Each structure stands twice: as C-alpha cells, then as structure tokens.
Amino acid sequence: MRNDLLPWLATAGDLGDEVLEIGPGPGLSTDLLRELAPRITTVEQDQAFAGRLADRLAGTNVTVLCADATEIGLDGNRFSSVVCLSMLHHVPSAAHQDLLFSEANRMLAPGGWLLAADALDCELTRKVHAGHVFSPVPPETLGTRLAAAGFEDVAIEIKDTDHEIRFTARKK
C-alpha cells in the first residue's frame, strides 16, 4: 500500500483538506491517508471495526463514524475528496454501489474528487472471497454509472498484474 497506492493517491486527484474515507475496515488505508491530508472522516459500517479504529485514532486528525455509506447522515457539499480503497467489492450489489456513488457525490464539495481502487473480477479474487460478499465493479459500465451519480472527468485504469481497478471522478 505504501509503495504503490500512496503515491497514486498523492497524484491521482486533489485530496484537499477534508477527506471522507468510506469503508476503512481496520484502518490500514486510514493510516496512509493521515499522511496526505489534515482532516480525515471515516465511515465504517461494521461496529467492531469502527469502535477499534475510533479507539486507536482518538486524539488524531481522524474522526470515525459508524454508518452505512449509502446514507451517511452528514450535511453534503462538505468534503474535498472521497476515497474508497478495496471496499467496493464488499458492497452487496451494483445497485448498492450506485447508491454509494450518489452519496459520495452528495458529500463532495463542487469540484471535489472521488478516488477509488478495488479488486477486479478474476479467479484469484473469487477464491479469496469464497463464502463472502464479492461484488466487483465491472470496468465496462463504471463510467456510465459514475456519470449517472453526477460525476464527470472519469478516468479508469486497469492494473492487470495487480488484479485491480483504479478510478477517479470529479463532482460537477
């Protein structure tokens, strides 16, 4: 993460001062984001993960919320960027992912960036996720779905060697 994902985040789009991270899980990506932005708000649906992350990062530049990322419950037009790292494939369906994209757009200030990286649908990732939710984002429909959520300037990169998709999009 530090050698590959962190440099990409630093150059893919402007993170700005107020970052919303969706689905941090145990917070490995949060630890990296803390180095790139003055204020991070994380939204984690799992109560156990959110509780441990809040305890671990108490008194830092991170605020942890336990909430559903499709209905965060905060005022919109607030964040300079929204970051989703290796979590979209855990969202149970394309329809739920689309709700998440719409909510991310609502949370962003005008001109703010969505930056995301996630697993591609391949045999290796299917094996790793056997018995768990695995709903990868199809690259061929992603641009249309992001545009429907109100994004523009969509850029999609497929990293075959890493079995990964990375994408950025800007709020109009």
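No value in this document is a laboratory result; all are computed from the given coordinates. No experiment lies behind these values; they were computed from the predicted model shown. Glycine gets a Cβ as well: all are built from the backbone with ideal geometry, and neighbour counts include every protein chain shown.
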Theoretical FRET efficiency, 1/(1+(r/R0)^6), r = Cβ-Cβ of Asn3 and Lys127, R0 25 Å, to 0.05: 0.50
Protection proxy ranking of 106-119, 3-16 - average other beta-carbon atoms within 10 Å, highest first: 106-119, 3-16
Relative contact order, percent, segment 5-171 [alpha-carbon distance under 8 Å, six or more residues apart]: 21
Estimated translational D of segment 75-170 in µm²/s (Stokes, Kirkwood radius over Cα pairs; 20 °C; 1.002 mPa s): 158
Ranked packing of 29-38, 137-146, most packed first, by mean Cβ within 10 Å: 29-38, 137-146
Cα-based convex hull volume of the chain per residue, rounded to whole Å³: 107
Cβ-based exposure ranking for Ile165, Ile158, Ile72, in which fewest neighbours within 10 Å come first: Ile158, Ile72, Ile165
Rh by Kirkwood over Cα pairs, then Stokes-Einstein D for segment 12-76 at 1.002 mPa s and 20 °C, µm²/s: 181
Exposure proxy order (Cβ contacts within 10 Å, fewest to most) of Thr42, Thr60: Thr60, Thr42
Beta bridges by DSSP in the chain, antiparallel share as percent, to the nearest 5: 40
Ranked list, fewest to most other Cβ atoms within 10 Å of each Cβ, for Lys171, Lys159: Lys159, Lys171
